[in-house]
Amino acid sequence: MSIHAALSLFLEEYPKAISRSFAGDAVAEFIRKDVPETLSSVIGANPRYITHGSPGQGNWARAPWAAVYDRFVTDSAQDGYYVVYLVKEDFSGVYISLNQGITAAKRQYGAEAKSALKVRASDFLARLGSHASGLQLGPIDLASSGGSNLSAFYEAGAVCSKYYPNDGLPEDQTLSTDLLNFINLYFVLASREAQLFERADAEEDEINLGEEDLRTLREHKRIERNRKLAQKAKQALGYVCKACGFDFELKYGSIGREFIEAHHLTPLSELKGQRLLLDPKRDFTVLCANCHRMIHRSEFVNSVEEFRSHYVVKNDQ
Ligand SMILES: [Zn+2]
Ligand SMILES: [Zn+2]
(Lines give C-alpha, C1' and ligand atoms only; values in the text may rest on other atoms or scores of the structure.)
(Ligands and ions follow the chains in the order given, each with its own letter.)
Protein backbone atom coordinates (compact mmCIF):
# COMPACT_ATOMS: atom_id res chain seq x y z
CA MET A 1 0.00 0.00 0.00
CA SER A 2 1.21 3.53 -0.79
CA ILE A 3 0.51 6.62 1.34
CA HIS A 4 -1.70 7.79 -1.51
CA ALA A 5 -3.74 4.58 -1.24
CA ALA A 6 -3.89 4.90 2.55
CA LEU A 7 -5.23 8.46 2.40
CA SER A 8 -7.71 7.50 -0.34
CA LEU A 9 -8.91 4.75 1.96
CA PHE A 10 -9.47 7.34 4.69
CA LEU A 11 -11.35 9.71 2.39
CA GLU A 12 -13.24 7.33 0.07
CA GLU A 13 -13.71 3.92 1.72
CA TYR A 14 -14.02 5.00 5.34
CA PRO A 15 -17.20 7.10 4.95
CA LYS A 16 -18.85 4.07 3.26
CA ALA A 17 -17.54 1.63 5.85
CA ILE A 18 -19.05 3.43 8.84
CA SER A 19 -22.56 2.39 7.80
CA ARG A 20 -21.48 -1.24 8.23
CA SER A 21 -20.84 -3.03 11.50
CA PHE A 22 -17.42 -2.27 13.01
CA ALA A 23 -16.33 -5.70 14.21
CA GLY A 24 -14.21 -7.56 11.65
CA ASP A 25 -14.61 -4.94 8.92
CA ALA A 26 -11.83 -5.05 6.32
CA VAL A 27 -11.44 -1.25 6.20
CA ALA A 28 -10.89 -1.12 9.96
CA GLU A 29 -8.33 -3.89 9.63
CA PHE A 30 -6.50 -2.05 6.82
CA ILE A 31 -6.25 1.02 9.03
CA ARG A 32 -4.92 -0.96 11.97
CA LYS A 33 -2.39 -2.98 10.02
CA ASP A 34 -1.61 -1.87 6.46
CA VAL A 35 -1.62 1.88 7.01
CA PRO A 36 0.99 1.84 9.83
CA GLU A 37 3.10 -0.63 7.84
CA THR A 38 3.06 1.76 4.91
CA LEU A 39 4.22 4.67 7.08
CA SER A 40 6.97 2.51 8.60
CA SER A 41 8.25 1.48 5.19
CA VAL A 42 8.49 5.11 4.08
CA ILE A 43 10.30 6.15 7.28
CA GLY A 44 12.67 3.18 7.00
CA ALA A 45 13.84 0.77 9.69
CA ASN A 46 14.38 2.86 12.80
CA PRO A 47 13.42 1.52 16.23
CA ARG A 48 12.97 5.09 17.39
CA TYR A 49 9.64 5.43 15.57
CA ILE A 50 6.36 3.59 16.17
CA THR A 51 3.47 3.84 13.70
CA HIS A 52 -0.17 3.37 14.56
CA GLY A 53 -3.49 3.55 12.74
CA SER A 54 -6.90 3.88 14.39
CA PRO A 55 -10.39 3.40 12.96
CA GLY A 56 -11.82 3.80 16.47
CA GLN A 57 -12.12 1.55 19.49
CA GLY A 58 -15.13 -0.71 19.75
CA ASN A 59 -16.89 1.49 17.22
CA TRP A 60 -16.07 3.66 14.21
CA ALA A 61 -14.37 6.91 15.13
CA ARG A 62 -15.88 10.05 13.64
CA ALA A 63 -12.74 10.19 11.52
CA PRO A 64 -9.83 7.72 11.26
CA TRP A 65 -6.24 8.75 11.94
CA ALA A 66 -2.72 7.38 11.70
CA ALA A 67 0.27 8.57 13.68
CA VAL A 68 4.02 8.25 14.10
CA TYR A 69 5.43 8.36 17.64
CA ASP A 70 9.04 9.06 18.58
CA ARG A 71 9.77 6.82 21.54
CA PHE A 72 11.86 9.57 23.10
CA VAL A 73 8.68 11.62 23.28
CA THR A 74 5.67 9.31 23.57
CA ASP A 75 4.43 5.82 22.75
CA SER A 76 0.75 6.64 22.45
CA ALA A 77 -1.59 9.24 20.98
CA GLN A 78 -2.62 10.25 24.47
CA ASP A 79 0.31 12.39 25.46
CA GLY A 80 3.34 14.23 24.19
CA TYR A 81 3.42 15.30 20.58
CA TYR A 82 3.65 13.38 17.32
CA VAL A 83 3.08 13.39 13.57
CA VAL A 84 -0.49 12.46 12.66
CA TYR A 85 -2.76 12.24 9.63
CA LEU A 86 -6.11 13.80 10.56
CA VAL A 87 -9.20 13.52 8.37
CA LYS A 88 -11.77 16.32 8.25
CA GLU A 89 -15.09 15.20 9.68
CA ASP A 90 -16.80 15.91 6.35
CA PHE A 91 -14.12 13.84 4.53
CA SER A 92 -13.31 16.74 2.22
CA GLY A 93 -9.60 16.43 2.93
CA VAL A 94 -6.83 15.27 5.23
CA TYR A 95 -3.99 17.00 7.08
CA ILE A 96 -0.56 15.79 7.99
CA SER A 97 0.06 17.58 11.25
CA LEU A 98 2.64 17.85 13.99
CA ASN A 99 0.09 17.73 16.76
CA GLN A 100 -0.33 16.95 20.46
CA GLY A 101 -1.74 14.29 22.76
CA ILE A 102 -5.26 15.35 23.66
CA THR A 103 -6.05 13.01 26.56
CA ALA A 104 -3.13 14.20 28.68
CA ALA A 105 -3.90 17.87 27.94
CA LYS A 106 -7.53 17.38 29.01
CA ARG A 107 -6.45 15.59 32.17
CA GLN A 108 -3.99 18.31 33.06
CA TYR A 109 -5.89 21.44 32.02
CA GLY A 110 -9.57 20.45 32.11
CA ALA A 111 -11.77 23.18 30.64
CA GLU A 112 -8.65 25.14 29.66
CA ALA A 113 -7.24 22.31 27.53
CA LYS A 114 -7.78 23.98 24.16
CA SER A 115 -6.05 27.21 25.11
CA ALA A 116 -3.25 25.23 26.77
CA LEU A 117 -2.79 23.25 23.54
CA LYS A 118 -2.59 26.49 21.53
CA VAL A 119 -0.04 28.03 23.88
CA ARG A 120 2.09 24.92 23.76
CA ALA A 121 1.81 24.77 19.96
CA SER A 122 3.16 28.30 19.61
CA ASP A 123 5.97 27.48 22.03
CA PHE A 124 6.88 24.48 19.84
CA LEU A 125 6.71 26.68 16.74
CA ALA A 126 9.12 29.15 18.29
CA ARG A 127 11.54 26.30 18.91
CA LEU A 128 11.22 25.05 15.33
CA GLY A 129 11.98 28.48 13.93
CA SER A 130 12.55 28.52 10.18
CA HIS A 131 12.28 24.71 9.97
CA ALA A 132 8.49 25.06 9.77
CA SER A 133 8.45 27.67 7.04
CA GLY A 134 6.18 26.93 4.11
CA LEU A 135 3.72 25.01 6.28
CA GLN A 136 0.41 26.01 7.79
CA LEU A 137 1.25 27.26 11.27
CA GLY A 138 -1.08 26.99 14.27
CA PRO A 139 -4.74 25.85 14.38
CA ILE A 140 -6.27 23.83 11.53
CA ASP A 141 -9.84 23.25 10.35
CA LEU A 142 -11.11 19.68 10.73
CA ALA A 143 -14.77 20.69 10.13
CA SER A 144 -15.46 19.60 13.69
CA SER A 145 -19.19 19.16 14.27
CA GLY A 146 -18.99 19.69 18.03
CA GLY A 147 -16.69 21.48 20.46
CA SER A 148 -16.09 18.37 22.54
CA ASN A 149 -15.12 16.18 19.58
CA LEU A 150 -11.59 14.88 19.40
CA SER A 151 -11.14 16.81 16.15
CA ALA A 152 -11.97 20.10 17.89
CA PHE A 153 -9.01 19.49 20.19
CA TYR A 154 -6.70 18.48 17.35
CA GLU A 155 -7.67 21.74 15.63
CA ALA A 156 -6.25 23.60 18.63
CA GLY A 157 -3.25 21.32 19.12
CA ALA A 158 -1.75 21.75 15.66
CA VAL A 159 1.83 22.99 15.67
CA CYS A 160 2.34 22.97 11.91
CA SER A 161 0.44 21.13 9.20
CA LYS A 162 -0.09 20.58 5.51
CA TYR A 163 -3.50 20.09 3.94
CA TYR A 164 -4.46 17.72 1.12
CA PRO A 165 -7.95 18.24 -0.34
CA ASN A 166 -9.76 15.06 -1.38
CA ASP A 167 -10.11 16.31 -4.95
CA GLY A 168 -6.43 17.20 -5.20
CA LEU A 169 -4.51 14.49 -3.35
CA PRO A 170 -0.84 14.79 -4.47
CA GLU A 171 1.15 11.98 -6.08
CA ASP A 172 2.68 9.40 -3.77
CA GLN A 173 6.18 10.84 -4.26
CA THR A 174 5.07 14.17 -2.79
CA LEU A 175 3.23 12.48 0.08
CA SER A 176 6.33 10.45 0.97
CA THR A 177 8.57 13.52 0.85
CA ASP A 178 6.11 15.40 3.06
CA LEU A 179 6.04 12.58 5.61
CA LEU A 180 9.84 12.54 5.78
CA ASN A 181 9.84 16.33 6.20
CA PHE A 182 7.45 16.06 9.13
CA ILE A 183 9.56 13.28 10.69
CA ASN A 184 12.54 15.60 10.38
CA LEU A 185 10.61 18.45 12.06
CA TYR A 186 9.59 16.05 14.81
CA PHE A 187 13.23 15.06 15.27
CA VAL A 188 14.36 18.70 15.40
CA LEU A 189 11.73 19.52 18.00
CA ALA A 190 12.57 16.50 20.17
CA SER A 191 16.30 17.29 20.00
CA ARG A 192 15.81 20.96 20.82
CA GLU A 193 13.58 20.06 23.73
CA ALA A 194 16.22 17.64 25.06
CA GLN A 195 18.89 20.33 24.79
CA LEU A 196 16.98 22.47 27.24
CA PHE A 197 17.75 19.94 29.91
CA GLU A 198 21.40 19.51 29.04
CA ARG A 199 23.87 21.07 31.40
CA ALA A 200 25.68 24.03 29.97
CA ASP A 201 29.08 22.95 31.28
CA ALA A 202 30.64 19.57 30.64
CA GLU A 203 30.25 16.83 33.22
CA GLU A 204 33.32 15.31 34.81
CA ASP A 205 33.44 12.34 32.43
CA GLU A 206 33.11 14.59 29.37
CA ILE A 207 36.06 16.90 29.90
CA ASN A 208 38.73 15.17 27.84
CA LEU A 209 36.53 13.92 25.02
CA GLY A 210 36.77 15.01 21.42
CA GLU A 211 33.76 16.46 19.62
CA GLU A 212 32.57 13.12 18.16
CA ASP A 213 32.94 11.13 21.39
CA LEU A 214 31.28 13.88 23.36
CA ARG A 215 28.30 13.75 21.04
CA THR A 216 27.91 9.97 21.39
CA LEU A 217 28.30 10.07 25.16
CA ARG A 218 25.63 12.80 25.36
CA GLU A 219 23.38 10.70 23.14
CA HIS A 220 23.94 7.74 25.48
CA LYS A 221 23.05 9.83 28.51
CA ARG A 222 20.05 11.28 26.73
CA ILE A 223 18.73 7.77 26.13
CA GLU A 224 19.10 6.67 29.73
CA ARG A 225 17.79 9.93 31.14
CA ASN A 226 14.78 9.78 28.91
CA ARG A 227 11.99 9.38 31.42
CA LYS A 228 9.85 6.99 29.37
CA LEU A 229 12.63 4.66 28.30
CA ALA A 230 14.34 4.63 31.69
CA GLN A 231 11.06 3.97 33.47
CA LYS A 232 10.32 0.96 31.26
CA ALA A 233 13.81 -0.42 31.81
CA LYS A 234 13.48 -0.06 35.57
CA GLN A 235 10.05 -1.63 35.62
CA ALA A 236 11.37 -4.58 33.60
CA LEU A 237 14.64 -5.02 35.49
CA GLY A 238 13.83 -4.05 39.04
CA TYR A 239 15.50 -1.70 41.49
CA VAL A 240 18.55 -3.62 42.67
CA CYS A 241 21.98 -2.81 41.16
CA LYS A 242 22.90 -5.52 38.64
CA ALA A 243 26.59 -5.06 39.33
CA CYS A 244 26.91 -4.93 43.12
CA GLY A 245 23.46 -5.81 44.44
CA PHE A 246 22.95 -2.46 46.15
CA ASP A 247 19.35 -1.84 47.12
CA PHE A 248 18.50 1.79 47.82
CA GLU A 249 15.35 0.99 49.77
CA LEU A 250 17.20 -1.45 52.02
CA LYS A 251 19.85 1.16 52.80
CA TYR A 252 17.81 4.37 52.90
CA GLY A 253 14.28 3.21 53.65
CA SER A 254 11.27 4.79 52.00
CA ILE A 255 13.14 7.61 50.19
CA GLY A 256 15.16 4.94 48.36
CA ARG A 257 12.09 3.13 47.15
CA GLU A 258 12.17 2.42 43.40
CA PHE A 259 15.38 4.42 43.03
CA ILE A 260 17.93 3.09 40.53
CA GLU A 261 19.66 4.35 37.39
CA ALA A 262 19.11 2.95 33.92
CA HIS A 263 22.24 2.28 31.87
CA HIS A 264 22.01 1.76 28.12
CA LEU A 265 24.10 -1.13 26.83
CA THR A 266 24.35 -0.34 23.11
CA PRO A 267 28.04 0.19 22.34
CA LEU A 268 28.75 3.90 22.09
CA SER A 269 30.41 3.41 18.72
CA GLU A 270 27.14 2.04 17.34
CA LEU A 271 25.22 5.10 18.43
CA LYS A 272 27.07 6.87 15.65
CA GLY A 273 25.16 4.75 13.16
CA GLN A 274 21.51 3.86 12.95
CA ARG A 275 21.62 0.68 15.04
CA LEU A 276 19.99 2.15 18.09
CA LEU A 277 18.50 -0.56 20.27
CA LEU A 278 15.83 0.39 22.73
CA ASP A 279 14.43 -2.83 24.13
CA PRO A 280 13.91 -2.05 27.84
CA LYS A 281 14.95 -5.51 29.00
CA ARG A 282 17.72 -6.49 26.62
CA ASP A 283 19.37 -3.18 25.83
CA PHE A 284 19.39 -1.67 29.30
CA THR A 285 20.62 -2.63 32.72
CA VAL A 286 20.01 -1.01 36.10
CA LEU A 287 22.86 0.19 38.28
CA CYS A 288 23.33 2.04 41.55
CA ALA A 289 24.76 5.55 41.17
CA ASN A 290 28.30 4.39 42.09
CA CYS A 291 28.43 1.44 39.70
CA HIS A 292 26.94 3.61 36.95
CA ARG A 293 29.75 6.15 37.28
CA MET A 294 32.34 3.41 37.42
CA ILE A 295 31.09 1.39 34.45
CA HIS A 296 31.43 4.55 32.37
CA ARG A 297 35.07 4.86 33.46
CA SER A 298 35.74 1.19 32.71
CA GLU A 299 36.39 -0.58 29.39
CA PHE A 300 33.26 -2.69 29.91
CA VAL A 301 30.66 0.00 29.39
CA ASN A 302 28.54 -2.40 27.29
CA SER A 303 28.70 -5.47 29.52
CA VAL A 304 27.59 -5.45 33.11
CA GLU A 305 28.77 -9.08 33.56
CA GLU A 306 32.35 -8.24 32.55
CA PHE A 307 32.34 -5.06 34.60
CA ARG A 308 31.12 -7.04 37.57
CA SER A 309 33.65 -9.86 37.33
CA HIS A 310 36.60 -7.53 36.68
CA TYR A 311 35.89 -4.87 39.24
CA VAL A 312 33.06 -5.57 41.64
CA VAL A 313 33.49 -9.21 42.59
CA LYS A 314 37.29 -9.00 42.71
CA ASN A 315 37.29 -6.20 45.26
CA ASP A 316 34.79 -7.97 47.45
CA GLN A 317 37.05 -10.97 47.92
ZN1 LIG B 1 26.12 -0.97 42.26
ZN1 LIG C 1 25.19 4.78 31.40
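The values are calculated or read from the model by the stated rules, or taken from the named source; none is laboratory data. Predicted model, so just to flag it, every value in this text is computed and none were measured. Cβ: placed from backbone, ideal geometry, glycine included. Neighbour counts: every protein chain shown. SASA here: full protein model, heavy atoms, side chains in, ligands and nucleic acids out. Shrake-Rupley method; radii C 1.70, N 1.55, O 1.52, S 1.80 Å.
Considered as a group, the residues in segment 279-306 that are near ligand 1 (Cβ under 10 Å from one of its atoms) and open to solvent by less than 30 Å² (accessible area, probe 1.4 Å) include one that is nearest to Q231 (Cα to Cα), and that residue is V286. Reported count of residues in segment 128-162, each being in a helix (DSSP H, G or I) and under 21 Å from S92 (Cβ atoms), is 8.
Residue count for segment 163-183 satisfying the condition of being part of a helix (DSSP H, G or I) and open to solvent by less than 60 Å² (accessible area, probe 1.4 Å): 10. Per the conditions (1) crowded, with 19+ Cβ neighbours inside 10 Å; (2) part of a strand (DSSP E or B), the sole criterion not satisfied by I50 is (1).
Exactly one residue out of S97, S76 is among the hydroxyl-bearing types (S, T, Y) and open to solvent by 20 Å² or more (accessible area, probe 1.4 Å): that is S76.
If a residue counts only when it is closer than 25 Å to N184 by Cβ, which helices (runs of 4 or more DSSP H) contained entirely in segment 1-43 have at least 3 such residues?
Per the criteria, 3-8, 35-43.
Candidates are the residues of segment 228-245 that are assigned to a helix (DSSP H, G or I) and touching a helix residue (DSSP H, G or I) at 6+ places or on another chain (Cβ under 9 Å); the one that is farthest from ligand 1 (Cβ to nearest atom) is L229.
Being in the same structural domain as S151 (by TED's automatic domain parsing), in a strand (DSSP E or B) and crowded, with 18+ Cβ neighbours inside 10 Å is a property that holds for A66.
On the basis of being at positive phi, away from ligand 2 (no atom under 15 Å from the Cβ) and part of a helix (DSSP H, G or I), does G253 make the cut? Yes. Just one of the listed residues (L137, L142) is within 27 Å of Q108 (Cα to Cα) and touching a Cys at 6+ places or on another chain (Cβ under 7 Å), and it is L137.
A single entry from D79, D90 fulfils the requirement of being in contact (Cβ under 8 Å) with a residue 24 or more places away in the chain, under 22 Å from L175 (Cα atoms) and in the same structural domain as N181 (by TED's automatic domain parsing): D90. From the list A105, A158, A113, the lone residue that is open to solvent by less than 20 Å² (accessible area, probe 1.4 Å) and more than 19 Å from the chain's Cα centre (by Cα) is A113.
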